[in-house]
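The values are calculated or read from the model by the stated rules, or taken from the named source; none is laboratory data. For clarity, every value in this text was computed on a predicted model and none was experimentally measured. With ideal geometry, Cβ positions are generated from the backbone for all residues, glycine too; neighbour counts draw on all protein chains shown.
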């Protein structure tokens with residue numbers, strides 16, 4: 001796909017990280033933003049693009065170019081440079097670069113945004129640590145006194161087609177004897 005003309009002009013037809021002109025050049029949207037605006041994109045050479053596509057930061061010598069690109073006036077270039085430098089922070093030169101640069105707080109938030117979203121994901125796990133998903137069937141691992149109903153759900157009861165409580169990783173919803181109840185994940189195991 002051809003680069004947008006404005007991106008070509010902004011980048012002088014070269015990678016905005018390493019300044020290489022290795023064809024083809026790619027427009028790369030800096031996560032978590034998407035490519036709905038060129039302000040969210042960075043022009044990358046085939047080498048930078050290939051390494052970023054698979055999150056391969058092992059060639060730290062290649063990424064030394066970030067000591068220059070972090071000083072770009074383009075926020076998307078700053079955010080991507082900061083993001084990669086943070087992944088390489090065990091390298092002395094990378095941590096020194098991060099410490100020496102002043103970036104607007106919004107650029108740092110952008111750079112850390114994808115990791116923050118990943119950390120914020122709520123993951124429901126059963127008593128054995130197996131990940132639960134909506135629609136799974138589970139088995140009760142102990143007798144449960146169902147509050148608000150006059151019965152005890154016995155150990156071994158199969159609860160079909162559970163729903164995950166979206167804001168609490170320790171709770172699921174399921175039907176037992178026709179009543180929808182909230183069940184703590186520590187009292188269930190995923191049915192195989």
Any residue at all in segment 110-126 that is free of Cβ contacts under 8 Å to residues at least 40 places away in the same chain, more than 30 Å from residue 34 (Cβ to Cβ) and not assigned by TED's automatic domain parsing to the domain that holds residue 40?
no
What residue, of 39, 56, is in contact with a helix residue (DSSP H, G or I) (Cβ under 9 Å, 6 or more places away or on another chain), surrounded by fewer than 13 Cβ atoms within 10 Å (Cβ to Cβ) and not in a loop (DSSP other than H, G, I, E, B)?
39
Every residue from segment 102-146 that is under 30 Å from residue 82 (Cα atoms), out of contact with any helix residue (DSSP H, G or I) (no Cβ under 8 Å at 6 or more places or on another chain) and surrounded by 14 or more Cβ atoms within 10 Å (Cβ to Cβ)
113, 115
Hey, among the residues in segment 1-30 that are in a loop (DSSP other than H, G, I, E, B) and crowded, with 18+ Cβ neighbours inside 10 Å, which one's modelled with the lowest pLDDT?
3
Would you mind stating whether residue 133 is out of contact with any strand residue (DSSP E or B) (no Cβ under 6 Å at 6 or more places or on another chain), at pLDDT 90 or above, closer than 23 Å to residue 188 by Cα and not assigned by TED's automatic domain parsing to the domain that holds residue 174?
yes
Tell me which residues, restricted to segment 147-179, are modelled with pLDDT of 85 or more, in a loop (DSSP other than H, G, I, E, B) and either surrounded by 11 or more Cβ atoms within 10 Å (Cβ to Cβ) or out of contact with any strand residue (DSSP E or B) (no Cβ under 8 Å at 6 or more places or on another chain) (or both).
154, 155, 157, 160, 161, 162, 165, 168, 169, 170
